[in-house]
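The block underneath contains the structure these notes are about, expressed in structure tokens.
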Amino acid sequence: MVAIENQSQVQKPAEPARIPKEARRLLHDLAAAWPNVADCRALEVVPLKGAMTNEVYQVRWLTGGGEALKEREVRKVLVRIYGEGVELFFDRQDELRTFECMSRHGQGPRLLGRFPNGRVEEFIHARTLSAHDLRDPEVSALVAVKLREFHNLDMPGPKHVLLWDRLKNWLKTAKNLCPTDQANELRLDSLENEINTLEKEFSGDCHHLIGFCHNDLQYGNIMIDEETNMLTIIDYEYASFNPVAYDIANHFCEMAADYHSEKPHILDYSKYPDVDEQRRFVKNYLSTSGEEPEAEEVENLLQTVEKYTLASHLFWGLWGIISDHVNDIDFDYQEYARQRFEQYWQKKPAVLSL
């Protein structure tokens, strides 16, 4: 999940102890090699809001000749300290390889260095999108085009669908962590059959195109350069090859979230995009070749996307259960999971009748 990186979302400076010694040594070495940094040890560390998997900080130094702390008078980097229990969700080495490959493709920030439980990344001078931005038709069109570009990336490794194996593995982990009463309340014992049913139902559909998917395309993982309107998709921890319809479905589901509200775990499904919004997004996604897509192609993808919302609800419901037991970040993971499972059971009859 995300860390919000635009200037307006930073908190007060962090306590020095929050940055490990190994990371501080790396930061000093990086700053010492930059000729415009006034004092490599005079760094300011500021937590970035919204992180639900890692701790993320902006680190900045005054550059030579700067009298005030203005945007272009500081040198910035991003420090990512890995969260507890992330190995239950993804392989960190796979994620690092993805990060480095994305950087080579010019798709994201550069890796500046590693330390034992984290890394230092290039700081992107762009604004992170807000929940409201996703409802802007112009911004949404940019996201659709960028997502198609992302899906078409030629990434290394096996190009098979990871979704179903990941869901099955997460279900086993969730069952092992959950007390019996919670497992019964969330109907975990029935989910193995649900996952198998969805896999069987969806896997035979010829419309299920496979691409390299982000799998967590919420607003905080998209940045925009407001001078050029160029988008950058960040945070590839859950990225893998999957049906592209699943990635679009997950993006639509994320429109119910506002992770910077007073209750960031509460989802408002009245904000789920209506049919016209969905159709506009899908048309923009399919139009990246420069040709207007046929109506049948648009409707087929829309229908497939709607089916994959079920998989998205299971995915993040299980994520919430596991996170509740391994993560100490201030977020009500259990309530978040309950809402995702509730949506699954509510939507399932109508969706599977499509």
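The values are calculated or read from the model by the stated rules, or taken from the named source; none is laboratory data. Values in this document were obtained by computation on a predicted structure and should not be read as measured data. Please note: Cβ atoms are built from the backbone with ideal geometry, for glycine as well, and neighbour counts cover all protein chains shown. In case anyone asks, the SASA skips ligands and DNA or RNA and just uses the protein heavy atoms, side chains included. Shrake-Rupley method; radii C 1.70, N 1.55, O 1.52, S 1.80 Å.
Look at the stretch 183-203: where a residue is over 25 Å from Val305 (Cβ atoms) and a partner is among the small types (Gly, Ala, Ser) and in a helix (DSSP H, G or I), sitting 6+ places away or on another chain with Cβ atoms under 9 Å, you get Ala183/Ala174; Leu186/Ala174; Leu186/Gly317; Leu186/Ala337; Leu188/Ala174; Asp189/Ala183. Test Glu254 against the stated conditions and say whether it is under 26 Å from Glu95 (Cβ atoms), at pLDDT 95 or above, surrounded by 17 or more Cβ atoms within 10 Å (Cβ to Cβ) and acidic (Asp, Glu). Yes. Considering (1) within 28 Å of Phe90 (Cβ to Cβ); (2) in contact with a Ser or Thr (Cβ under 8 Å, 6 or more places away or on another chain); (3) free of Cβ contacts under 8 Å to residues at least 40 places away in the same chain, say which one Asn327 fails and leave the rest. The one condition Asn327 does not meet is (3).
Somewhere in the stretch 150-161, is a residue of a type in the set (Gly, Ala, Ser), open to solvent by less than 60 Å² (accessible area, probe 1.4 Å) and on the phi > 0 side of the Ramachandran plot? Yes, the conditions are met somewhere in the stretch 150-161. Criterion applied to Glu277, Glu306 was being surrounded by fewer than 17 Cβ atoms within 10 Å (Cβ to Cβ) and closer than 24 Å to Arg135 by Cβ, and the one residue passing it is Glu277.
Of the residues that make up the stretch 282-299, is at least one open to solvent by less than 50 Å² (accessible area, probe 1.4 Å) and assigned to a loop (DSSP other than H, G, I, E, B)? Yes, the stretch 282-299 contains a residue that is open to solvent by less than 50 Å² (accessible area, probe 1.4 Å) and assigned to a loop (DSSP other than H, G, I, E, B). Being under 17 Å from Asn229 (Cα atoms), touching a residue at least 12 places away in the same chain (Cβ under 8 Å) and outside any loop (DSSP other than H, G, I, E, B) holds for only one residue in Leu78, Leu134, and it is Leu134.
Residue by residue, here is whether (1) among the aromatic types (Phe, Trp, Tyr); (2) more than 18 Å from the chain's Cα centre (by Cα); (3) open to solvent by less than 20 Å² (accessible area, probe 1.4 Å); (4) modelled with pLDDT under 95 holds:
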residue: Phe315; (1), (2), (3), (4): yes, no, yes, no
residue: Gly320; (1), (2), (3), (4): no, no, yes, no
residue: Asn327; (1), (2), (3), (4): no, no, no, yes
residue: Phe341; (1), (2), (3), (4): yes, yes, yes, no
residue: Trp345; (1), (2), (3), (4): yes, yes, no, no
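Any idea which of Asp133, Asp91, Asp39 is of a type in the set (Asp, Glu) and over 17 Å from the mean Cα position of the chain (by Cα)? None of the other options fit; the residue is Asp39.
State the number of residues belonging to the stretch 109-131 that are open to solvent by less than 30 Å² (accessible area, probe 1.4 Å) and either in a loop (DSSP other than H, G, I, E, B) or under 12 Å from Arg80 (Cβ atoms) (or both). Total meeting the criteria: 11.
Looking only at residues in the stretch 51-80 that are at pLDDT 90 or above and touching a Gly at 6+ places or on another chain (Cβ under 8 Å), the one that is surrounded by the fewest Cβ atoms within 10 Å (Cβ to Cβ) is Arg80. Within the stretch 241-248, does at least one residue satisfy the condition of being of a type outside the set (Phe, Trp, Tyr) and either open to solvent by 50 Å² or more (accessible area, probe 1.4 Å) or out of contact with any helix residue (DSSP H, G or I) (no Cβ under 6 Å at 6 or more places or on another chain) (or both)? Among the residues of the stretch 241-248, at least one is of a type outside the set (Phe, Trp, Tyr) and either open to solvent by 50 Å² or more (accessible area, probe 1.4 Å) or out of contact with any helix residue (DSSP H, G or I) (no Cβ under 6 Å at 6 or more places or on another chain) (or both), which makes the answer yes. In this entry, Leu30 passes the filter for residues that are in a helix (DSSP H, G or I), out of contact with any Pro (no Cβ under 9 Å at 6 or more places or on another chain), at pLDDT 60 or above and surrounded by 15 or more Cβ atoms within 10 Å (Cβ to Cβ).
Note on the stretch 238-270: residues that are within 16 Å of the chain's Cα centre (by Cα), free of Cβ contacts under 8 Å to residues at least 60 places away in the same chain and either part of a loop (DSSP other than H, G, I, E, B) or at positive phi (or both) amount to 1.
When Tyr336 is tested against (1) assigned to a helix (DSSP H, G or I); (2) farther than 21 Å from Phe252 by Cβ; (3) within 19 Å of the chain's Cα centre (by Cα), exactly one condition is not met: (2).
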